[in-house]
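What follows is a set of notes on a single structure, which appears directly below.
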Amino acid sequence: MTSRSCPDPTCGIARSLDVLGERWALLVIRDAMLGRTRFSEFRSHLGVSPDILTARLASLVEFGVLTRQTYREPGEREREEYLLTDAGRELSAVLAALNAWGVEHRPVDAGSRITYTDPDSGAALRLAFVDPDGREVAPGAVHLSRREPA
């Protein structure tokens, strides 16, 4: 696999989309965060074609989001599973933000929902912009700016 050409290599968003912008990539990562590790699990849950899934998994491994590990169940041949790396696990905030936006702006009446909870207390979690003093800033009030290198 070769690296794609990033339209603006100084922009973190553009560099991230170079890795994550392909259809199915974030859904594979979501499923990995939900505990799926095997090709057959991803394929069955997502309904994606084998060729596309193979390409997405290879790309996510190439860019360090997933790692490929061999396993063998008793009496079976060797197989591979895909595990999140630290970089992959750090995408939980990205997925939480996309999930929150989808729930708010693309609601559905039925179906399961992804929830984010504190592993110790079980309390529901949500993402927020917080200033250095700990004050929460509403997403609509956040200003995006570009800082030029010094």
The stretch 25-39, residues that are surrounded by 14 or more Cβ atoms within 10 Å (Cβ to Cβ) and in contact (Cβ under 8 Å) with a residue 12 or more places away in the chain: Ala25, Leu26, Leu27, Val28, Ile29, Arg30, Asp31, Ala32, Met33, Thr37, Phe39
Filtering the stretch 69-97 down to residues that are among the aliphatic types (A, V, I, L, M) and touching a helix residue (DSSP H, G or I) at 6+ places or on another chain (Cβ under 7 Å) yields Leu84, Leu91, Leu95
Check on Ser16, polar (S, T, N, Q) and over 22 Å from Thr115 (Cα atoms): yes
Being surrounded by 17 or more Cβ atoms within 10 Å (Cβ to Cβ) and touching a residue at least 40 places away in the same chain (Cβ under 8 Å) is the filter here; which residues of the stretch 40-62 pass it? Phe42, Ser59, Leu60
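Could you grab me the full set of residues in the stretch 40-75 that are touching a Gly at 6+ places or on another chain (Cβ under 9 Å) and more than 13 Å from Glu22 (Cα to Cα)? Talk me through it step by step, then tell me what you get.
To start, the set of residues in the stretch 40-75 that are touching a Gly at 6+ places or on another chain (Cβ under 9 Å) comprises 41, 60, 64-67.
Passing the criteria: Glu41, Gly64, Val65, Leu66, Thr67.
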Mind counting the residues in the stretch 1-55 that are β-branched (Val, Ile, Thr), under 19 Å from the mean Cα position of the chain (by Cα) and either more than 25 Å from Arg72 (Cβ to Cβ) or modelled with pLDDT under 95 (or both)? 5
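The values are calculated or read from the model by the stated rules, or taken from the named source; none is laboratory data. Worth saying up front: this structure is predicted, and the values here are computed from it rather than measured. Glycine also receives a Cβ, built like all others from the backbone with ideal geometry; neighbour counts cover every protein chain displayed.
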